[in-house]
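Derivation of every value follows stated rules applied to the coordinates shown; laboratory data play no part. The structure displayed is predicted, hence computed values, not measured ones. Ideal geometry is used to build each Cβ from the backbone, glycine not excepted, and the neighbour counts take in all protein chains shown.
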Amino acid sequence: MQPQTNKDYNSKLTVEQYVKLEQETNQKYEFHDGQVYAMAGGTDSHNTIMVNLSGEIYTRLKGKECRIKNSETKLYLENKNKYVYPDAMIICGEQEKAKNLKDAFTNPVVIIEVLSKSTQGYDRGDKFGFYRAICSLRHYVLVEQKEAKIDIFSRKSPTSLWDIQTIEGLESNLELEISETETLIIPLKDIYYDVVFEQ
């Protein structure tokens, strides 16, 4: 999902007003310290990639300590006072939630975003800056939709430097060490199944 670039409201909202706005409009908004931004829908390729990837992750994690959350799930960034909607998150162990909004989680080990032409600058720039402050985060995964290519930003601990790895081609695998005992290995051909790349 993509945040619209315009601000929808000039005055700051409380979290309670934000929740009420979403309920009354049946629309998802990002909340940035009182300012709200409407979320626009993704392309068919974006949605196909996320269905494929979420399904593959769900199947591999079923019955284990880690869970995948989809783009309907809020992430709370406490130090920035932001509520956002990543395309997907993986949470391992106890699922920690925001104190003032119980359907928002705070401790993902993996965040996944599917890039688009209009949002890739935000996803690689400001949004990654927000996400880096999450102590639990091990991997930030950026998935291209115009070609079979994935960038993975990884770190061993909250104080470690981030490493970047790029994997390309349908014959490659996405590998993520998400806990001390769990590593996800997903072929890109399964992630990009039924995706038509735009020329």
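Restriction of the trypsin sites (Lys or Arg not before Pro) in segment 150-199 to DSSP coil positions whose beta-carbon has at most 16 other beta-carbons within 10 angstrom yields Arg155, Lys156. Most simply put, segment 63-140 has about 75% antiparallel DSSP beta bridges, counting only bridges with both residues inside it. Of interest is the spacing of the C-alpha centroids, which for segment 75-91 and segment 149-199 amounts to 20 Å. Remark: the Cα gyration tensor places segment 42-191 in the rounded category, a/c being less than 1.5. Legend: distances between Cα atoms for Lys20/Lys189; Lys102/Lys127; Lys28/Lys117; Lys12/Lys149; Lys99/Lys149; Lys102/Lys146; pairs beyond 30 Å are Lys20/Lys189; Lys12/Lys149; Lys99/Lys149; Lys102/Lys146. Computed over the chain, relative contact order equals 16 percent, with contacts defined as Cα pairs under 8 Å that lie 6+ residues apart. Between helix 44-61 and the chain there is an angle of about 70 degrees, using the helix long axis and the longest principal axis of the Cα atoms. Oblate is the label for segment 1-126. Its Cα gyration tensor axes, ordered a ≥ b ≥ c, give a/c of at least 1.5 and b/c at or above a/b.
Within segment 42-191, antiparallel bridges make up roughly 80 percent of the DSSP beta bridges whose residues both belong there.
Each of Asp123, Asp163 has some number of other Cβ atoms within 10 Å of its Cβ, and from fewest to most they run Asp163, Asp123.
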